[in-house]
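For reference, the structure is listed below as structure tokens.
Taken together, the values in this text are just the output of simple stated rules run on the coordinates, not laboratory data. Bear in mind that the values here come from a model prediction, so they are computed numbers and not experimental data. Cβ placement follows ideal geometry from the backbone for every residue including glycine, while neighbour counts extend to all protein chains displayed.
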Amino acid sequence: MMRKLAVTCLLLAAPTLQAGVYSAAEPSGMRAGPGGTLVELPYVPPFKSFLEERLNAANPTMPDAVGGVATFRGLLKSRVEAQSANARRLPLPQQVAHAVDLIRVGRAGDAVNLLEPRTRDRDPDYVAVVTLAHAYAARGDFGEAIRCHSLATFDAQPPTQLPGVLPELTARYVELEKSHYARWLQLRQRESGQREGLAEQEVLPLFGPTTNNPTQTPVKWVNEAGGYGPGKLAAAQRAKLPPDAVAVVQQLLLWSPEDTRLLWLLAELYVADGQLRDADQVFDQCTWGRNFTNRRVLLEHRAIVRDLVAAMPAETMDILPDATPTADDADRKAAQKWQELQPQLLEAAGILAAFATLFVGLAVRAVLRRRSRTPRV
């Protein structure tokens, strides 16, 4: 029991990975790979939990605290409330950080109002205008998002160090904005308001056309024979993917957690890499989790992956004898253990609270009885 308590205390003290747009208050959490590429996060844990945190942050029905501990939404709201009154008098970096919090809690309009004047500066601040573009996108105004994003990526000078980003990843994030995020904005503008043809909708064509090769066709999720073969993406199609494609889509999702088209794309990338269990979970999130049940292609791919996963042997947690545990392994295990213990801790907290209320009630009742029996002088 003491060992479990010690583990629980350790997990409660573990930091939560944040992923704001660009804010020193929310480090991106992405690690650097070869050549300054992004390293993907394991889906479970911790990516799925981080994505759900960000979805819940903008949900007004979600609690600000659970068991006396502030939720991600609660922490953001407390920062927003502390700075809202003086937001326009804050130094620009703090204004940007405040705008990031506003986007997160579902107040993208307020973030737009705060940062829009920065587009009229003689020398526009890159981080401020990029954040403004993200705010417009969160509000669903993709035309204005493209306007601001173009101003930032073509007319503003990126800093040598982006707030909350590892120094060795700043160049990758600048390129990510100019290439994949810019293309995502264009695709979202093209598809916004679309009500017809959803049943035949294909995978989001994010990868393929590039700045240097804009006429290149988007990736087709097929094997060498032209069929859908999990883990066997055709070489010509794989060549269109950046080496950090999974991490790129993860980052786009952490910026825009409500975008189910990106989530579907993540599932296809997992399939292409042979990560079928992760793909199966993501497909489920797209369908029963987000009501993407009217996309024929998605349902066909999901059925194929589900059958393959059902035929796979049961997953074990055995560690290879020659495996050397790393700090990352410990972090992942701690996050997984916290995810497993969280429901139990919340249930235990509820039971303890009920007992405490009952105990206080009985104590008060006993005191009142004693007072009523004490003879008055």
Using Cα positions and a limit of under 17 Å, work out the aspartates and glutamates in reach of Lys178, with same-chain residues fewer than 8 apart set aside.
Asp125, Glu144, Asp155, Asp244
Which order do the peptides 304-314, 33-43 take when ranked by the mean count of other beta-carbon atoms within 10 Å per residue, highest first?
33-43, 304-314
Highest to lowest packing among 166-179, 192-205, scored as the average C-beta count within 10 Å
166-179, 192-205
Per-residue counts of other Cβ atoms within 10 Å, averaged by peptide: what ranking do you get for 292-299, 263-270, highest first?
263-270, 292-299
